[in-house]
Amino acid sequence: MIFNFKTWYSVLLKLCTVFIFLAGFSSTLQARKLQKKPNVILINIDDMGWRDVGFMGSKFYETPNIDALANDGMVFTNAYAAASNCAPSRACLMSGQWTPRHGVYTVNSSERGKSETRKLVPTKNNTILPDSQYILTEALKDAGYTTCHAGKWHLNDDPTTQGFDVNIGGCHAGNPGSYYPPYKSVPLEAPSKDYYLTDLVMDKVLDFIKSTKGQPFFLYYSPYAVHTPIHPVKELLPKYKNKPGWKGQNNPKYATMVENLDTQIGRMVNLLKESGKLENTFILFISDNGGVYRVTKQRPLRGGKGTYYEGGIREPMFAHWPGKIRAGVRTEIPVTNLDFYPTILEAAGIKKPKDKVLDGSSIYPILSGKSGLEKRPLFWHFPIYLENGHDESQDPVFRTRPGSAMRLGNWKLIQYFENNDIELYNLKNDISEKNNMVGTNPEKLKEMLDILENWREKVDAPIPTKLNPAYVAFNN
């Protein structure tokens, strides 16, 4: 056989061409596959109460952009945060797990308030979400998503260490110190001396969305607003100073912060529409805990942030995705922010991570109208103290004392560990939690206590029992 260089060279060239074509075709298929995945925007507002938006009935706060999204999507009137204050709620949201699994129970130390008023030594608190947690962002990033955090993070010093490609102002700080420059604890530089922080965060969010081109993105929009300090948007203040209050909502300064937040979300929605991205964007909206009681009320709910009454844990929530989610629907099915992790994975067509425990359930079948959700208990565990009690908390000293709570159907149980005080409410008949039915429904009480105790054992929930030697009984 005579070697013909030209012939072999021609064959080799053709093979290379084929390989290049196949590689390009494979790359194109992969790109198209990624483009078909929905963009995901998770909006987690800070300290916004259940009734602090128009779609939940407020006649004082003005939120037309948020209301429009809610009305075009599905509203959940019994949506809950998995904790009643910032850090643990956010840890639950990102990890998809109950508080005992990650150990974040509060902000900073669990020894809150004066020592002489604490009967028990509270469980030690984790101040960061452990790196061992494979959080929602990491699952999405590993599936090809470009990921962005915007606003308050509060779970460690830097969200880019846990799956975020872009970080806009996120750090370990729980509030900005100031909404006007300098923003103190927030690592963002103001473009001018009077530039409002919520506006700046959205400016950078819009830049991120524009940069994503055709690649699917995950945006965790978690603005510092409307957390304290209550710094009004100056130009909006005259509008609310003379506006009549509504069911305990009458703070003009806070109202300007709510309206401005709504305006920023409106800017984001407009960009999504103009760029043709809204149709393929799955949006979930919720708050991390109840409104601050001294700032805003959630009538008829009892209490506010820091309590485990409904005003501290029930949140405004909706889901929006044109053509995929039933529009104009309101449901009373109880859900929790623990459900967001599995829901987003299912919506994006991503398999549940192997060996990852997820304590929530996907609500995507509800959103798409394919099926409902089996009745299940929801739990809260808080082996810590939160100071600054008021006339709707358990007592005037603490918003909450160490204990657990659960909801099953229409029934709500709260058990405190200091003296084994127990409260039992029927939320259908008593949404304000005024009528403790412990003495009138022993069968329901036993049923719920058994379920709660079994759950605590299953998740190895710590129960503080050590007495505090500094405790003075008459201060309780």
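No value in this document is a laboratory result; all are computed from the given coordinates. Worth saying up front: this structure is predicted, and the values here are computed from it rather than measured. Counting neighbours? That spans all protein chains shown, and the Cβs are built from the backbone with ideal geometry, glycine included.
The value given for region 301-357 is a Kirkwood hydrodynamic radius of 14.0 Å, derived from the mean inverse Cα-Cα separation.
Multiply the residue gap between D395 and N108 by 0.36 nm, knock off their C-alpha separation, and tell me the result in nm, one decimal place.
Values: separation 287, 0.36 × 287 = 103.32 nm, distance 2.24 nm.
Contour length minus Cα-Cα distance gives 101.1 nm.
Any idea how far apart D460 and D430 come out in nm if each label point goes 7 Å out from Cα toward Cβ? With each label placed 7 Å out from Cα toward Cβ, I get 3.7 nm. Determine the shape class of region 256-308: with a ≥ b ≥ c the square roots of the Cα gyration tensor eigenvalues, call it rounded for a/c under 1.5, and otherwise prolate if a/b is greater than b/c, oblate otherwise. Prolate, since a/c reaches 1.5 and a/b exceeds b/c.
Taken over the chain, the convex hull of the Cα atoms encloses 191 Å³ per residue. Along its first, second and third principal axes, ordered by size, region 207-284 spans 47, 24, 22 Å in Cα coordinates.
Spin-label model, L237 to S185: label points 7 Å out along the Cα-to-beta-carbon direction sit 2.4 nm apart.
Given contacts defined as C-alpha pairs under 8 Å and at least six residues apart, what's the relative contact order of region 233-363, whole-number percent?
Values: 145 pairs, mean separation 22.9, N = 131.
The value is 17 percent.
Using the 2.2 N^0.38 Å rule of thumb for compact globular proteins, work out how region 70-146 stacks up: its C-alpha Rg over that value, please. Ratio of Cα Rg to 2.2 N^0.38 Å: 1.42. Each label was represented as a point 7 Å from its Cα along the Cα-to-Cβ direction; for E453 and T161 these points are 4.1 nm apart.
Which one, L427, N468, T123, projects farthest toward the positive side of the charge dipole computed for the chain from Cβ point charges (K/R +1, D/E -1)? Looking along the dipole axis, the top candidate is L427.
Once you have a ≥ b ≥ c as the square roots of the Cα gyration tensor eigenvalues for region 244-393, tell me rounded if a/c is under 1.5, and otherwise prolate or oblate according to whether a/b is larger than b/c. Please list the in-between numbers first.
Details: a/c = 2.13, a/b = 1.26, b/c = 1.69.
It is oblate, given that a/c is not under 1.5 and a/b is not larger than b/c.
Each Lys or Arg adds one and each Asp or Glu takes one away; over the other residues whose Cβ falls under 15 Å from the Cβ of N435, this sums to 0.
Kindly provide the trypsin sites (Lys or Arg not before Pro) of region 310-415 that DSSP labels as loop, not H, G, I, E or B, and whose Cβ sees at most 12 other Cβ atoms within 10 Å.
Filter output for region 310-415: K351, K354, K370, K375.
Be a star and scan region 371-388 for residues whose amide nitrogen sits under 16 Å from the point 7 Å along the Cα-to-Cβ vector of E332. Label zone hits: 373, 375-376.
Residues I230, I43, arranged from fewest to most other Cβ atoms within 10 angstrom of their Cβ, appear as I230, I43. For the pair K370 and K446 in one chain, pulling the backbone fully straight at 0.36 nm per residue adds 23.9 nm over the alpha carbon distance. If you take every DSSP beta bridge fully contained in the chain, what fraction is antiparallel? Give it as a percent rounded to 5. Beta bridges within the chain, antiparallel portion: roughly 55 percent. Projecting each Cα onto the charge dipole of the chain (Lys/Arg +1, Asp/Glu -1 at the beta carbon, about the Cα centre), which of G360, Q249, L408 comes out farthest on the positive side? Among G360, Q249, L408, the one farthest towards the positive end of the dipole of the chain is G360.
Taking a ≥ b ≥ c as the square roots of the eigenvalues of the Cα gyration tensor, an a/c ratio of 1.5 or more together with a/b no larger than b/c marks region 379-475 as oblate.
Among the listed pairs K152/K213; K324/K370; K375/K458; K204/K241; K412/K444; K141/K277, give every one whose C-alpha distance is greater than 21 Å. All intermediate terms of the calculation are to be shown ahead of the outcome.
Details: K152/K213 25 Å; K324/K370 11 Å; K375/K458 19 Å; K204/K241 31 Å; K412/K444 10 Å; K141/K277 19 Å.
Check vs 21 Å cut-off fails for K152/K213; K204/K241.
Counting only DSSP H runs of at least 4 residues, each contributing -39500 (n - 2.57), and dividing by the residue count of the chain, the helix-based mean residue ellipticity at 222 nm comes to -9000 deg cm²/dmol.
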